[in-house]
1. If you go through the range 210-229, how many residues are under 21 Å from the mean Cα position of the chain (by Cα) and surrounded by fewer than 15 Cβ atoms within 10 Å (Cβ to Cβ)?
2. Would you please name the residue that is farthest from Q61 (Cα to Cα), looking only at residues in the range 76-122 that are aliphatic (A, V, I, L, M) and touching a Lys or Arg at 6+ places or on another chain (Cβ under 7 Å)?
3. Just to check your reading of the model, which residue among R353, R372, R387 is of a type outside the set (V, I, T) and touching a Lys or Arg at 6+ places or on another chain (Cβ under 8 Å)?
4. Looking only at the range 95-122, count every residue that is outside any helix (DSSP H, G or I) and either under 23 Å from L26 (Cα atoms) or in contact with a Gly (Cβ under 8 Å, 6 or more places away or on another chain) (or both) and tell me the total.
5. Pull up the range 222-249, narrow it to residues that are hydroxyl-bearing (S, T, Y) and outside any loop (DSSP other than H, G, I, E, B), then point me to the one that is nearest to V195 (Cα to Cα).
6. Name every residue in the range 191-209 that is more than 17 Å from the chain's Cα centre (by Cα), of a type in the set (A, V, I, L, M) and assigned to a loop (DSSP other than H, G, I, E, B), in order of residue number.
7. Kindly indicate whether any position in the range 423-431 is crowded, with 19+ Cβ neighbours inside 10 Å and without any contact (Cβ under 8 Å) to a residue 12 or more places away in the chain.
8. Any residue at all in the range 33-47 that's touching a Gly at 6+ places or on another chain (Cβ under 9 Å), assigned to a helix (DSSP H, G or I) and of a type in the set (A, V, I, L, M, F, W, C)?
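The values are calculated or read from the model by the stated rules, or taken from the named source; none is laboratory data. Note that the coordinates shown come from a computational prediction; the quantities given were computed from them, not determined experimentally. Here the Cβ positions follow ideal geometry from the backbone for every residue, glycine too, while neighbour counts run over all protein chains shown.
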Amino acid sequence: MSGERHPRRAYVETYGCQMNISDGELMEGILEQSGYRIVSAPEDADVVLVNTCAIREHAEQRVLGRVNQLHGLKRERPDVVLGVTGCMAQRMGSTLLEKVPHVDLVMGPDGYRGLPEALDGLGTVRPAALPGDELAPPPSAFPSGGPRKGRRQLAVLDLNLGENYQGLEQRRAHGASAWVAIQRGCDHRCTFCIVPYVRGPEKNRAAPEVLSEIRGLVEQGVTEVTLLGQTVNSYQAGDWGFARLLREVARVDGIRRVRFTSPHPNDVTPELIEVMATEPTVCEQLHLPVQSGNDRTLKRMLRRYTVEAFLDRVEAVRAAIPGIALSTDVIVAFPGETEEEFRDTLALLRTVRFDDAFTYRYSPRDGTPATRFPEEDFIDPDEGQRRLEELIEVSRGIQAEINQGEVGRMEEVLVEKEARQDDSVMGRTRRNKVVAFEGDPSWVGSYRWVALERTTGATFGGSLVDEPIPVAAP
């Protein structure tokens, strides 16, 4: 055993949206396939990767704070490699290496396939002797022959028009649910959004590979999948459109629930609505970002639909799928938004009555068209915050009213995790409502019928009303 090298250890910490979560799993899978051991804490790792979001300034500041915290780990163990990956890394580029000099690697979303080679290129990744190790590798095992000398830094920032990560395997957490990325990048150029600039144009995976991946997930015990894309329902690969793909995913043996996010209102077609209405495994839930309730603001955002067109789609969806739960994204204080236009957004929320809304104050992103609007268009931050707080109050009030009206229903819940209360578990209904109820941790990954007995406004408390419903065997 003398001289045997231990596997290098990697830790990936992810911030941001579901696509970032999927990317984090992808990086873990790539590293694991290259011989790395994935660990659950940065203190146990030789490589620490912070997977980032760039959609809003607050998210970036949070990440920068975390990266600076990790500097303490590098001071204790100088050979630890610290990398920043994802959308923020792509947006800031090599300037991030200058701004945070203790970072060794900056890598954008199109670089993950080459992550092991990039780490090898740094020439300094060395397995550390950690508690419990039987043997620490000798200095001669490292390219540098010992502690780091003459640190190298590396930026991998090329956008690859053909990279959709086809053929690569994610390292997913064990459970009944899985994210399945079918699309990367975006061809829409909403004036507030950084995504097309950090993830590139839309790239769609081949449908047969998506279906093969989902069949493989079923063999691992997965019964619920969520299809991911920046504008997921614009998916087109050969003669496969999104409605066709969704139907085929819904019919995969062993799949019990199918969701997708985030769609664009313009691509909510009659064909898509028909699939959602007729395929039993497609959940009665739709996230439909509206962003604003005023036509002039929507035009300045370059959303390519009007309020009337959006409401027509909502009406069509609700007519075909009665009781469907709708959620949305809303931005207030967009440059040039007047008080009257803000009031139009509040009116739209009261008209549609979304089950949930993700609400934001406009955040300028360097490089996006909205940042080039006239200076006088930009709204005072205090005024923007006032509008956001009023928006949140209206949205939460509507959500509380809807959920209060659902107390007494019996719902099928997929148990996802232990709840904070003792002897309780938490899961989601088909309509994406969160429910906590008394149960055993061994139920995680299975389905239970639950009576919704009370609500806090956003979540439910309930109790088991039937015998456990077993997960179908793969």
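1. Narrowing the range 210-229 to residues under 21 Å from the mean Cα position of the chain (by Cα): 210-211, 213-214, 217, 222-229.
Keeping just the survivors that are surrounded by fewer than 15 Cβ atoms within 10 Å (Cβ to Cβ) gives none.
Looking only at that region, the number is 0.
2. Within the range 76-122, the first condition is being aliphatic (A, V, I, L, M), and the residues that meet it are 80-82, 84, 88-89, 92, 96-97, 100, 103, 105-107, 115, 118-119, 122.
Now narrow it down to the ones that are touching a Lys or Arg at 6+ places or on another chain (Cβ under 7 Å): 80, 82, 122.
Working: V80: 23, L82: 17, L122: 26 Å.
The selected residue is L122.
3. Result: R387 is the single residue among R353, R372, R387 that is of a type outside the set (V, I, T) and touching a Lys or Arg at 6+ places or on another chain (Cβ under 8 Å).
4. Taking the range 95-122 and keeping what is outside any helix (DSSP H, G or I), we get 100-108.
When the remaining residues are screened for being either under 23 Å from L26 (Cα atoms) or in contact with a Gly (Cβ under 8 Å, 6 or more places away or on another chain) (or both), the result is 103-108.
Within the range 95-122, residues that are outside any helix (DSSP H, G or I) and either under 23 Å from L26 (Cα atoms) or in contact with a Gly (Cβ under 8 Å, 6 or more places away or on another chain) (or both) number 6.
5. Kept after step one, since they are hydroxyl-bearing (S, T, Y), are these residues of the range 222-249: 223, 226, 231, 234-235.
Subsequent filtering for residues that are outside any loop (DSSP other than H, G, I, E, B) retains 226, 234.
Numbers: T226: 20, S234: 15 Å.
Among them, the one singled out is S234.
6. A206
7. Yes: the range 423-431 contains one or more residues that are crowded, with 19+ Cβ neighbours inside 10 Å and without any contact (Cβ under 8 Å) to a residue 12 or more places away in the chain.
8. no
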